[in-house]
Every structure is written in C-alpha cells, then in structure tokens.
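The values are calculated or read from the model by the stated rules, or taken from the named source; none is laboratory data. Not measured: the values here are computed from a predicted model. Virtual Cβ from ideal backbone geometry, glycine too; neighbours counted across all protein chains shown. Note: areas computed on protein heavy atoms with side chains; ligands, DNA, RNA excluded. Shrake-Rupley method; radii C 1.70, N 1.55, O 1.52, S 1.80 Å.
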Protein chains: 2
Amino acid sequence: MSSNKPSLPKGTRDFSPIEMARRNYIFDTIKKVYKKYGFQQIETPAMENLSTLVGTGGDESDKLIFKILNSGDYLAKADEKALKEKNANGLTKSIAEKALHYDLTVPFARYVVQNQNEITFPFRRFQIQPVWRADRPQKGRYREFYQCDADIIGSDSLLNEVDLIKIIDDVFTKLFTDEKGNTLPYTISINNRKILQGITESVGLQDKFEQIVVAIDKFDKVGEKGVYDELVRQGLKENQIESLLNLLFSRKLSNYINNIDNFPKDGIMNLSLADGILNELKDKIGGKLNADEGIGELKLILKKLINLEEFKLGLKTANVIFDPTLARGLGYYTGTIIEVKVDNFPSICGGGRYDDLTGKFGLKDVSGVGISFGADRIYDVLLDNNLYPKFEGDSTQVLFVNFGEKEQDYCLPLLFQLRDKDINAEIYPEAAKLKKQMTFANNKNINYVVLVGSDEMASGKLTVKNMKTGEQHAFTIVELIQELKK
Amino acid sequence: MSSNKPSLPKGTRDFSPIEMARRNYIFDTIKKVYKKYGFQQIETPAMENLSTLVGTGGDESDKLIFKILNSGDYLAKADEKALKEKNANGLTKSIAEKALHYDLTVPFARYVVQNQNEITFPFRRFQIQPVWRADRPQKGRYREFYQCDADIIGSDSLLNEVDLIKIIDDVFTKLFTDEKGNTLPYTISINNRKILQGITESVGLQDKFEQIVVAIDKFDKVGEKGVYDELVRQGLKENQIESLLNLLFSRKLSNYINNIDNFPKDGIMNLSLADGILNELKDKIGGKLNADEGIGELKLILKKLINLEEFKLGLKTANVIFDPTLARGLGYYTGTIIEVKVDNFPSICGGGRYDDLTGKFGLKDVSGVGISFGADRIYDVLLDNNLYPKFEGDSTQVLFVNFGEKEQDYCLPLLFQLRDKDINAEIYPEAAKLKKQMTFANNKNINYVVLVGSDEMASGKLTVKNMKTGEQHAFTIVELIQELKK
C-alpha cells in the first residue's frame, strides 16, 4: 500500500467526540419538540434519481447537485455527441443517473407521492439528515451539512403555521437559555408571499414579481440603496421604485425592523405591534385580493398566538416581527414565509407554505407548510455564546487503573458490575505507567479513577480519586455504585 | 414542471415512521452499550477523496465504490487518451475526485492519522452511519445501508477483545430477549488469523495462504466438498488438501460446529468446551510459532470470560464457539476474528484485529480491533421473530378533535398545556367530519382522543376516549394530565 497524506474533500468535515456530543444535543432537542407536536420521523436515501432532483429549484440549483457516476462501463451508454464535443453539461445525464439530495423537501415530496396510499393526511413528518451542495465553501457554509425539517402536508389550516412558530419558540427557548435563565435574543420574521404580490400589484408591477423578489431578497446584504440600484437595473422606472420601496420600507416599518430598541426588553415579542403594522399596510394597499388574503392570514396567525398569551401559554422567548421585505428567494413558497435570525449570523431556521410541491410528481393541489433548522449554524451560535451544557456522564465516568495481570483480574468483575448498573466505565487495557493512565483519564474527561493495588485487594476497599476535586476516598464497590448513582 | 412518476434508485429505500421507530430502537440500544464500555462517537463525511478509498480492499472492492462526478466542466481536465478510447475505467480518476465511503473502517483510519496529535490513545470510538456499495441488490443486501462500528485503536491488549465479545452479548441479550424472557439463540464464532496461518504452515502450504483463506471462506455456502473442489482448482495436491481439511474439519470440530445439540440448552455458552478444542488443535499443530500465538491469544480471551462467570458476570446469552474455518474474507485482519450468526440469516455482526490499518496513511504499527453490527440485517431478524417493543408514547398520545372555530379556540390552550408537560399532542387542523378525524387517530395509533363540544366547554370536563379500550371518561385538563403521567 502506498503512503498517502490523508485529507478531506473541501467543504466536508469530521466530527470529534465533543463535537458529536454538541450536535446530538441540538438534534435531540429539536427531535423531542417535533415529537411533542405530533411529528413522525422518516428517512429517505442520500441518493435519488437525478431526474427527481433536477428542475425543482431552477438552473442555479441544478448546478449545486452532486451527481453520482454510473457503475461499470458508464461510457458504453454515454451520449456520443456530447462526448465528441466535450460538452460536460450535455453528457451528465447519460453517465450519471443518480445524485445526492440537496435538501430534504424534494425527497419528501417524492416520498409523499410514492406512498400516498399508505399515508394518513394531514401528514406531520420530520426528517433530520445530511444534504449535499456543490456550493463554494466558506465560513459557515459546507458542502455536506445537516437539515432538520418538519412539514405538515395535506392541510391548508393556519393552525399549522401557529404550531411551527411555537415549535421555533420551544426549540430556541431550550437551546438559547443559559444556566442563569437568560435567553439569547432572536427574531422570527414572518411575511406572506401574497402580500409581496399585493404590493407589486398595487404599484402595477405584477409582471415583474420575480425580479422584484430577487431584488428585495438581497436587502440584508445590500441595504435599501442596493435594492434600489438592482431595481433600476431590472428596468423599473424611478417613480415605480419609489412607490414600491415606500410600501416595503416605510419609515415606521424600517425603523421598527432595524432598531433593536423597538424589541421588548423582557424578550417577549410584541404580537400586537406586528398586528398594528399589518393594519397600516392594509390601509395603504387594501383592495388587492392577494394582499388582503395574505394580510388576513398573518393576522389570524397572530390572533391565535395573542389568545394563547392570555392563558400564559404564548411565546416564551421569541421576538416576532412582520417584515414585508422578507422574500426567502424564489423557491416554491406561495403563502406564509418564516425566517429566524440571531445577531451576526445568517438565517438559522426558515420555511413557509407551498401549494404545489408534489405537482412535479403528479399529485396536484396538496398544500403544505414546513420549517427547517440549520443545525450547523445553530452549532456555531451556541458555541460562540457559550450555551452548551457540560455533557457529564455522556462519556466514561470511571476508569480502573491497570497495575498488572493480578490487579487486572481483580478489577474485571468490578468493572462489569458497574457496567451492569449502566455506569459508563473502562479499564486501561495495559499496565502502562501510572502517569500515562492518569493523563488518559484527564484527556478523556473521566470523573473518577479507581486505583487497586495489593492493599486494596486485601481490604476490598478501592481507592477512588475524584478527578475534579482531587479528593480520594476508600469505597467498596457497592459504596462506589451508590456514590455514582447520586 | 413536467410530471414525473416518482421512484428510487435500486438498492435504496425510504424508511416510514414505524420503520424509523424500529431502527432507532436498534441504534439506541447499540449506542447505549457502546457508551457503557467507554466508546465515544465520531462522524466522518459521506464523501471522501477517491484516493483515500481505493486500493484498500482490493480491485473487487474498488468496483463497489460510488464515485461522485466533479462539479462544473468536468471534461476540461478529463484524461484525453481514456476519453478517446472510451475507457471508462481509465477515465474515472480524472473526472471524479470524490466518492461515497463503502465502510466506516477506512474513513476511521484516515481520521485517526489526520487527528493523531489530538487523539488520546488507546482511542475507543464508535460510529453509526450509512455506507454505500454498488453491489448487486438482493434480499437483505442494499446499496445504502447502516453500519454500527466500534473500534479500539492504539492497544494490542486482549482485554479489548474481551470487551467486544461482552458488548455483543449485551446488545443481543437486550435485542433478542422477548417479553417472556426467552432469548433467540445466536452464536459468536471466534478464530484467529494466526491459527489459519499455523494450519497452512503445518501442512507446508504457507505460500498458498491467500488462496486457502478464499477457499475456506466459502465453506458456509459450498460445504466441505465445495472447499475441497476449490482447493483442487487452486492446484493443491490431494494429500495436502486432506491434511489441511483434517485440521480444519476434524470430526470432532465439525460435529461440534454443525450440531445444534452441542449448544448448551440454557443459552449459556460453554467456554470450557471451546478451550478444550483449542488444546486439541495445539497438540496437532503445535510448534508453529503463528499457531501457538493465535491459540494462546484465544485461550487468554476465553480464560478472562470464564473467570467472569465465577462472579456471575459472564456472558448472559451468547453461545461462543471456536471455529477454525472462520476466515472473514481477505480483508485487513491479522489476529482475532469474530462473526455472529442467527439461524437462517447471514452474519449480523463481525470484526477482528488488524495490525496495520493506518499504514496506508503513513502511521505505522498501530494495532486496533473492532466490530460492526449490521443494522439492516438485525432489523429483519427482530421483525421475523416478533422482537420489537410496542413503541407506545413515541408517537402522538392525544388528539383533540376539531369541531369548529369556537371549539378550536377553547382547545388550543389545553393542547399547549399538555405539550408543556412533555405530552405528545396535536389538534386536527380542520373541522373535518368526525369519522375522518377518528380514522386519523386510529391510523396514527393515537391512544386518547379528546372531544370538546358545547357541553364540555360549559362544564370544563373534557370527554376523553381511550382508543384501545373504547372507554370514555370525563376529565378536567388537570385530571387528564394525571391520567397520562401514570
């Protein structure tokens, strides 16, 4: 075998034991909340037929798909013309029939259609799996990363939106609250695609809807001036742009959204404020069917949440704002759209309602709504803000030092007694130097080290060292078990 | 969007909610045992550099690797000669730099070398992830399937082998024991590559070691006669073959292995019997250094396990047999080899010791030993033998029926009270016909349905139907919570 300096493909990562503990903490928290709301887990394979994945998110999305080379003599069936012309784009379909999924939503739509006769609708499913994108890797953006999706499909009730907002509140209340009870501030922005449509209609620009969405979607990156310039490039006239921006960024809205002082100090969102802004917008652009519908939907969602506050069952820590500039790319959204942000981080959770996701696979008119937590970004937020618990007990609790053959044979039954009591324990496998064994215990963050020499074997009292305090105690194995079960 | 009948690539599967519950039960059981023995979880990416994966398991293995097409204009850097000759094999390397891992062992070796300065050895790691193989799909064999690996690297102590055998016993005692306390019989076969070497040496065939391993590895499929014929084809002389088979399949050994009556009736393995057979073999082929070493290693492992029996801490349900015909393919094994079987199923767990897994990546002389549970086969064994628990409470426990806007608004605070008590609950999102809502509850296996109409709203007493017994009770929300927390 040739020597080979090991490395990983760019944009991919290993996860070490401590990183896994942190990641599992995030996944377990989300999973538990999803189950509390009646969602059931499914999994779909990493590989899908390429034809399932292409043409769903547009050409740009198609380029992000990792394709899997056919097995065996894949050139035998290759497109001759594309091969001769060295046309990679044209060749791909004939040499790569499979690909890695780039999100969990398209595979879910495929799953729903394929299993429509077995599924009881409305179907609440969650799915926590890696996805792959041939994106340019950069800080916080990977080529292999995890999504944690929950969707309700087969129901257009807005109660589903209420549940999803409550789920976001439950998850981040748990993840973002420190030992002292302080919660890292975060914001749930909500909007409705129909309001965006209404706004473009009200200034007579319904034909430019897609271009306008693309432009205002860049607001976060380029600001109001940048959006203005982009719309000029798209061929809009100055007065049109001004009417449009006036609706999207009226001083009050814009101040509200961008001024942290407007957020309630106690971390409880002000739903009534958002409701007031919706009323204002309705006055300005009312009468447009789409806008009225979209505003009505958002108002109903807010009303349900406000009602719950009366019973002290409202949102625990979330700030909710209505943000008419929230667009969430082009995507497949048709109603509510949701995005969650923490200062200095890109979106950590997002989602929305779609009316025809399964249409591509032949099942028409099935409405759904869903959200997706970005586990990798949440990971970074918790790390930066020192919000992880200590994960004690997750790793080895007890190490038996190994002084030699005789001591080892004495310790083995003790070790297995601990394990039978569900205590994570191990023995150092060799009679190495004591210092080496203690360093091992330290590096592995082991709480207790048991030292058994001839005295201990004679008396049955084990010397147990608490690695945190440095204290030593003499315990029988039964006493040690009691100590550990405290 | 064009209509597109949905399907999956062959050899891949979706997992429905009930299948996920069963799979998570298997993963969680294995994970808990691994942690009890001090193993720490890591994950490596699905994609590795192709150069990391090829040349580890031989040409046949390389063909099983799924390669990922380079992004962008992958033909720009394609091997001109291979392209012109339509030589797929020659072209691959230049158009596919990445590939999906086909096991977890090679990525682990790469991980260890890459992170050798951060790792504290001996390193006990476990890893539960899917792997991909371009194998011919058939019953029980998939192209995407999960492995659950545990390895100890950086220690040649045989205590590690003892731990791995105890882990197998713990895992299958838990998974294979039914409600009545009966355990499905299973067998842990052990052998040592050095014994195989000793046997081939003792008949003067050390130069044919690889061919002999390949031949006897087929014993399960083709029987003793088949192995004989294969060895004839490999050019061995009749008297050589007879000496060899005499050692491998001596009447006593062969009877022992193939006769179920030799298994102790109480499900406790007879380690002393295996020890006796090892002594017999030692007498026959003793003096060969390799064989003596291999026999000595196995005897030491058995001795430690026998000692534990004296403390009633021996194996709980495993039958252990010494099987000199166990070969486990060519692979990278150099010492102990282990395989676990249940009647009528292919191997459900296997592993062994390897002395130079990390050598390929430039780290020499690091010994390791590991096992891998095949989750997909274990899944089938549990299903066929009706060994899954009922998974109650994992899914929704309570459904609120939705009779309309007013009732809905009354029920929402009740629903969120249950959820705040960690009770999995939901409300049917629309005021659909009662029958439809009850069918939904039935299909989703929901235990309690709460019916709230005008009477209930007036009295505060909810009508709660137990879906198993059909009984109805009037409960306040507090009483319902008490009932559910029982």
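Out of all the residues in region A:52-70, which are within 30 Å of B:Asn24 (Cα to Cα), more than 7 Å from every other protein chain (Cβ to nearest Cβ) and assigned to a loop (DSSP other than H, G, I, E, B)?
A:Ile65
Which members of region A:158-189 meet the condition of being buried (at least 21 other Cβ atoms within 10 Å of the Cβ), at pLDDT below 95 and outside any loop (DSSP other than H, G, I, E, B)?
A:Ile188, A:Ser189
On the basis of being at the interface with chain B (Cβ under 9 Å from one of its Cβ atoms) and under 30 Å from A:Leu184 (Cβ atoms), does A:Asp384 make the cut?
no
Can you tell me how many residues within region A:21-31 are without any contact (Cβ under 8 Å) to a residue 12 or more places away in the chain and either buried (at least 20 other Cβ atoms within 10 Å of the Cβ) or more than 8 Å from chain B (Cβ to nearest Cβ) (or both)?
Here the count works out to 1.
If a residue must be open to solvent by 10 Å² or more (accessible area, probe 1.4 Å), assigned to a helix (DSSP H, G or I) and facing chain A (nearest Cβ under 9 Å), how many such residues does region B:305-323 contain?
Final tally of qualifying residues: 2.
Which pairs turn up if I take residues in region A:271-282 that are under 17 Å from A:Leu315 (Cβ atoms) and look for partners that are at pLDDT below 70 with beta carbon separation below 8 Å, at least 6 apart in sequence or on another chain?
Once the first residue is under 17 Å from A:Leu315 (Cβ atoms) and sits in region A:271-282, its partners that are at pLDDT below 70 give A:Leu273/A:Tyr256; A:Leu273/A:Asn262.
What is the one condition in (1) out of contact with any Pro (no Cβ under 9 Å at 6 or more places or on another chain); (2) away from every other protein chain (no Cβ under 11 Å) that B:Arg377 does not satisfy?
Status for B:Arg377: all satisfied but (1).
At least 3 residues that are open to solvent by less than 10 Å² (accessible area, probe 1.4 Å) in each: list the helices (runs of 4 or more DSSP H) lying fully within region B:71-157 that qualify.
Output list reads B:88-95, B:105-114.
How many residues are in contact with a Gly (Cβ under 8 Å, 6 or more places away or on another chain), farther than 30 Å from A:Thr183 by Cα and open to solvent by 10 Å² or more (accessible area, probe 1.4 Å) when one looks only at region A:387-437?
Qualifying residue count for the region: 4.
Conditions: (1) part of a loop (DSSP other than H, G, I, E, B); (2) over 30 Å from B:Gln116 (Cα atoms); (3) facing chain B (nearest Cβ under 8 Å). A:Lys5 meets all but one. Number of the miss?
(2)
Does any residue in region B:106-129 that is in the same structural domain as B:Ser372 (by TED's automatic domain parsing) and over 17 Å from A:Ala441 (Cβ atoms) come within less than 6 Å, Cβ to Cβ, of a residue that is acidic (Asp, Glu) and open to solvent by 10 Å² or more (accessible area, probe 1.4 Å) six or more places away or on a different chain, and which pairs are these?
B:Tyr111/A:Asp14
Could you please find all residues in region A:439-458 being surrounded by fewer than 18 Cβ atoms within 10 Å (Cβ to Cβ) and among the acidic types (Asp, Glu)?
A:Asp455
For A:Glu80, only one of the following conditions fails: (1) modelled with pLDDT under 95; (2) facing chain B (nearest Cβ under 7 Å). What is its number?
Only one criterion in (1) modelled with pLDDT under 95; (2) facing chain B (nearest Cβ under 7 Å) is unmet by A:Glu80, namely (2).
Looking only at region A:133-164, count how many residues are farther than 28 Å from A:Glu293 by Cα, out of contact with any Gly (no Cβ under 9 Å at 6 or more places or on another chain) and at the interface with chain B (Cβ under 8 Å from one of its Cβ atoms).
Residues meeting the conditions: 0.
Right, B:Asn49: open to solvent by 10 Å² or more (accessible area, probe 1.4 Å), at the interface with another protein chain (Cβ under 8 Å from one of its Cβ atoms), at pLDDT 95 or above and closer than 20 Å to B:Phe176 by Cα or not?
Taking the combined requirement at face value, the residue does not satisfy it.
Please go through region B:330-361 and pick out each residue that is open to solvent by 20 Å² or more (accessible area, probe 1.4 Å) and closer than 21 Å to B:Ser61 by Cβ.
B:Leu330, B:Gly331, B:Tyr332, B:Tyr333, B:Thr334, B:Glu339, B:Pro346, B:Ser347, B:Asp355, B:Asp356
Name the single residue that is nearest to the chain's Cα centre (by Cα) among those in region B:387-405 being charged (D, E, K, R) and within 14 Å of chain A (Cβ to nearest Cβ).
That would be B:Asp394.
Give just the number: which of (1) more than 7 Å from every other protein chain (Cβ to nearest Cβ); (2) more than 16 Å from A:Arg133 (Cα to Cα) does A:Gly38 not satisfy?
Here A:Gly38 clears every test but (1).
For region A:461-473, give me the residue count where each residue is more than 26 Å from A:Pro17 (Cα to Cα), out of contact with any Asp or Glu (no Cβ under 7 Å at 6 or more places or on another chain) and surrounded by 14 or more Cβ atoms within 10 Å (Cβ to Cβ). Outline the logic, then answer.
Of all residues in region A:461-473, those more than 26 Å from A:Pro17 (Cα to Cα) come to A:461-463, A:471-473.
Filter again for out of contact with any Asp or Glu (no Cβ under 7 Å at 6 or more places or on another chain), leaving A:461, A:471-473.
Cutting the leftovers down to surrounded by 14 or more Cβ atoms within 10 Å (Cβ to Cβ) gives us A:461, A:473.
Summing the residues that are more than 26 Å from A:Pro17 (Cα to Cα), out of contact with any Asp or Glu (no Cβ under 7 Å at 6 or more places or on another chain) and surrounded by 14 or more Cβ atoms within 10 Å (Cβ to Cβ) in region A:461-473 gives 2.
Looking at region B:204-217 only, could you name the residues that are surrounded by fewer than 21 Cβ atoms within 10 Å (Cβ to Cβ) and either closer than 29 Å to B:Leu315 by Cα or of a type in the set (A, V, I, L, M, F, W, C) (or both)?
Across region B:204-217, the qualifying residues are B:Leu205, B:Phe209, B:Val213, B:Val214, B:Asp217.
Any chance region B:406-423 includes a residue that's more than 9 Å from chain A (Cβ to nearest Cβ) and either over 17 Å from B:Phe475 (Cβ atoms) or in contact with a Cys (Cβ under 9 Å, 6 or more places away or on another chain) (or both)?
Taking every residue of region B:406-423 in turn, at least one turns out to be more than 9 Å from chain A (Cβ to nearest Cβ) and either over 17 Å from B:Phe475 (Cβ atoms) or in contact with a Cys (Cβ under 9 Å, 6 or more places away or on another chain) (or both).
Here are A:Glu426, A:Glu471, A:Glu405: which of them is within 22 Å of B:Lys32 (Cα to Cα) and free of Cβ contacts under 8 Å to residues at least 40 places away in the same chain?
None of the other options fit; the residue is A:Glu426.
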